[in-house]
1. Relative contact order (percent) for the chain, with alpha-carbon contacts under 8 angstrom and 6 or more residues of separation?
2. Go ahead and collect, in residue order, the members of segment 79-123 whose backbone nitrogen is under 14 Å from a label point 7 Å along the Cα-Cβ direction of residue 14.
3. What is the calculated FRET efficiency for residue 114 to residue 37, with r their C-beta to C-beta distance and R₀ = 25 Å, to the nearest 0.05?
4. With each pseudo-label sitting 7 Å past Cα toward Cβ, what's the residue 75-residue 92 distance in nm, one decimal?
5. Counting pairs of Cα atoms in the chain, how many percent are more than 22 Å apart?
Ligand code: FES
């Protein structure tokens, strides 16, 4: 699984307050990554937040049906364009036109109730 890294030596980026993501839900934010600004999916389970690029490996579309609105069901995320089903835990596609491919992971850390991008090179 590919992981997207930040620009070397970039400062910590705060993406949003944790409370902006419903527990068990998702949202999308814009983050500055190596290749420029990208939409990032944030998925929350309690105090844990997972991040993926908002780019479907099938046809390169965004996965949300409206900005920041995602189809979530039974720990999966479903692409709104052609229905590919991704595991929320690791971004693996388990059904649909890109079965076996992964969403690109973005390293996220929650610090004092702020959802932040993990600095480059950090575990
Ligand atoms: S673009 Fe996501 S399933 Fe086709």
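Each reported figure results from applying straightforward, stated rules to the coordinates on display, with no laboratory input. Here the structure is a predicted model, which means the values were calculated and not measured. Cβ: placed from backbone, ideal geometry, glycine included. Neighbour counts: every protein chain shown.
1. Working: 284 pairs, mean separation 37.0, N = 123.
Computed over the chain, the figure is 30 percent.
2. Residues 110-117 qualify, since their backbone N sits under 14 Å from the label point.
3. Plugging the Cβ-Cβ distance into 1/(1 + (r/R0)^6) gives 0.80.
4. 1.1 nm
5. Tail of P(r) above 22 Å: 29 percent of Cα pairs.
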